[in-house]
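Every number in this text was worked out from the coordinates using simple rules, so none of it is lab data. Values in this document were obtained by computation on a predicted structure and should not be read as measured data. Methodologically, a virtual Cβ is constructed for each residue, glycine included, from the backbone with ideal geometry; neighbour enumeration extends over all protein chains shown.
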Amino acid sequence: MCGIVGYIGKQKALPILLDGIKNLEYRGYDSAGFAVVASDGAVVSEKAVGRVANLEAKAGDAEALLGTTGIVHSRWATHGGVTEANAHPHSDCKGNIWLVHNGIVENYRELKKELEDAGHHFQSETDTEVIAHLIEEEKSKNQKLSTEETVRLALQKIRGTYGLAIVSRDEPEKLIAARNFSPLLLGIGANEYIVASDASAVLRYTRDVIYLDDGEMAVLTPEGHRIFDLENHAIEKKRDTIEWELEHAQKGGYPHFMLKEIMEEPEAIENSLRGRLIAEEGMAKLGGLESVEAELRGMRRLLIAACGTAYFAGKVGEYMLEEYAGIPVEVDIASEFRYRKPVFEEGDALLAISQSGETADTLAAMKEAKQKGLLTLGIVNVVGSSIARATDAGVYQHIGPEIGVASTKAFTSQVAILALWTLLLGRARDMSYVMGKRIAEELRQIPDLVRVILQNTDALEALAKKYQPYENFLFLGRKYNYPVALEGALKLKEISYVHAEGYSAGEMKHGPIAMIDKSFPSIVIAPKDSVYEKMISNIQEIRARKGSVIAIATEGDEEIAKMVDDVVYIPKTLEMLTPMLSVIPLQLFAYYFGVLRGHDVDKPRNLAKSVTVE
Ligand code: G6P
């Protein structure tokens, strides 16, 4: 995701900034930019799309090299496409305030409108730019205020998340940092500070750091620092020492990106839901769909096209939308959709689901639907990607880059967003307030329930160890957990290279049961839901053929433990939301299984993260 580095001290800022931001490249980004302020207040700023190397190539300006205060940013687009104008730093109208920002300003639309009405001119499509103009607005109300005062007052108006580093032409000997639900730390050197969103950027200079907490601001000068909250109460912070090495930090302390991304799932779901769930009204608000609200009300059928893991998320969406929003849904593998001859009807819309937004088959399916006159919609993670640009309207996932080839956090986020679509479309049809509220309240709990499962990774590692000798696995599920069974099998195949079949449990007797014997274990997803009894029958059938069974079951279900070889418990939630919980143990099982076999789980053989060819 985005990276921030800021420097203030006695050395030339630019080489330190560029070095720091290079250490954050592993996080993934699409553009970068810096601003350096010289002691006479001259500001030099450059931005470049693509690699930091492109930015570096533009950084030759002597003025910039002399400045000893500066900020730099690597951007992962959220609001507005990947362009130089949207890259950070962003500035106010007069070019006095320069800032870099990680996070999302939820109320930026309202703020932008107010600021434009007050005469401010915006140069980008970002949510970030409103912060610079808000600070400028505070200054225009009271010229005597210091930069940190104007920042503090501006931040009081912002709803959302931020890690911020801010410099100003008026006060070049100050660097201001602020944090709210987006990490930021202050690296302390001798007469110098390095502010960063990630310790990797400061490690070469210092191990002595202060971690800012939510709602805290810092004003830094070469001589010292002051930390306070948005009400201007001074805060005493303790210093910490970073104990670990750079390589370790880049994966956030995890041995692989895949594990890091699984551990990020609670936060990823929160980011996908942020500002979109109105639990008290049992509603969802999806800004990206507002422009097609009328078409969505009149929509008679939703066709979903996707590939791989995104396709399985779409299958979960089909069950949700049909059951709770009463909308007929058809989910297609994108490569099938584009080559068969789907029959379209008046009121059809096509939804493309894609983490990367670049999958060739999904893009082609979408273009085909568009060519036939359908409304085209998207659920995409990468902002400004081909699919995001080509759809009529859509929703971004906001989960940061997914680097591990095997998709994990993208799946749970896509399912969470499909639950939001179910609320949005259902409430516009005949879903009751009571039902809407129930779904919304349960959905809000999901990140914490995922956290509960993630406390149990040791048990999954032990399970993967126990089942190492096996070369074949059957994954079974019904209804909402049928696509999860398919996804669980896909995960195991992708990173362990063992044979895994995902099947609808009801189909077991039509074929797969012939394979069951003591060398063919089954992973059965059997939470306490409307098809629980049926799943228990499947378990009995497997046991009768001497097959071992690992059950994914609801906490408190002690009966099932007596029937199976191993059980992994997940917390109780609404049936339609269980896939976001039941998939987690399957992802972890596959991860540990692959690691134990010595595979490169982040880059499994023969697979690509983004399949841009047919
Ligand atoms: C590749 C990846 C999968 C992913 C699929 C669809 O096969 O290895 O992890 O699910 O593409 O990718 P998309 O970016 O469209 O979601």
**Item:** Distance violations [Cα-Cα > 25 Å] among LYS285/LYS479; LYS409/LYS609; LYS238/LYS260; LYS251/LYS491
**Value:** LYS285/LYS479; LYS238/LYS260
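Roughly what % antiparallel, to the nearest 5, for the DSSP beta bridges in the chain?
Values: 62 of 103 bridges.
The antiparallel proportion sits near 60 percent.
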**All Cα pairs of the chain, percent lying beyond 35 Å** = 43
**Message:** With unit charges on the beta carbons (Lys and Arg positive, Asp and Glu negative) and the dipole taken about the Cα centre of the stretch 465-614, which residue among LEU596, ILE536, ASN481 sits farthest to the positive side?
**Reply:** LEU596
**Item:** Theoretical gain in end-to-end length, PHE122 to LEU246 [0.36 nm per residue, Cα-Cα removed]
**Value:** 40.8 nm
**Request:** Measure nothing but the geometry: give the 0 to 90° angle between the long axis through the Cα atoms of 129-141 and the longest principal axis through the Cα atoms of the chain, rounded to 10°.
**Result:** 40
**Message:** Taking 30 Å as R0, compute the FRET efficiency from the Cβ-Cβ separation of ARG429 and GLU555 and round it to 0.05.
**Reply:** 0.35
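All other residues with a Cβ under 11 Å from the Cβ of LEU486 taken together, and with Lys, Arg as +1 and Asp, Glu as -1, what is their net charge? Walk me through the numbers before you get to the answer.
Working: positive: LYS315, LYS491, LYS493; negative: GLU487, GLU501.
Around LEU486, the charge tally is +1.
What FRET efficiency would be calculated for the residue pair LEU65, ASP600, taking the C-beta separation as r and a Förster radius of 60 Å, to the nearest 0.05? Provide the component values of the computation, followed by the final result.
On the way: r = 41 Å, r/R0 = 0.68.
Between LEU65 and ASP600 the formula returns 0.90.
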**Item:** Most to least packed among 589-598, 415-424 [average Cβ atoms within 10 Å]
**Value:** 415-424, 589-598
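Suppose only helical runs count, i.e. DSSP H with n ≥ 4. What mean residue ellipticity at 222 nm does that imply for the chain under -39500 (n - 2.57) per run, divided by all residues and rounded to the nearest 500 deg cm²/dmol?
On the way: 21 runs with 219 residues, N = 614.
Mean residue ellipticity, 222 nm, calculated: -10500 deg cm²/dmol.
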**Request:** For the chain, find the longest principal axis of its Cα atoms and tell me its angle to the long axis of helix 579-596, 0 to 90°, nearest 10.
**Result:** 90
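Hey, got the dipole for the chain? About the Cα centre, +1 on K and R Cβ, -1 on D and E Cβ, debye to the nearest 20?
Details: 69 positive and 89 negative charges, 220 e Å.
That gives a dipole near 1060 debye.
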**Message:** Taking the number of other C-beta atoms within 10 Å as the exposure measure, put MET217, MET263 in order starting with the fewest.
**Reply:** MET263, MET217
**Asked** Rg and Dmax of the stretch 36-189, using alpha carbons, in Å: what are they?
**Response** 14.8, 44
**Prompt:** How would you rank GLU295, GLU261, GLU494, going from fewest to most other Cβ atoms within 10 Å of each one's own Cβ?
**Reply:** GLU295, GLU494, GLU261
**Message:** Once you place label points 7 Å from the Cα toward the Cβ at LYS141 and ARG239, how far apart are they in nm?
**Reply:** 3.7
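Can you compute the FRET efficiency between ASN54 and GLU346 using 1/(1 + (r/R0)^6), with r the Cβ-Cβ distance and R0 = 45 Å? Round to the nearest 0.05. It would help to have the intermediate numbers written out before the result.
On the way: r = 48 Å, r/R0 = 1.06.
Here the calculated transfer efficiency is 0.40.
In a shell of Cβ-Cβ distance under 11 Å around LYS572, excluding LYS572 itself, what net charge do Lys and Arg (+1) and Asp and Glu (-1) give?
Combined, the nearby Lys, Arg, Asp and Glu give -4.
Peptides 29-36, 540-547: what's the order by average Cβ count within 10 Å, highest mean first? Please report the intermediate quantities before stating the final value.
Details: 29-36: 27.9, 540-547: 15.4.
Final packing ranking: 29-36, 540-547.
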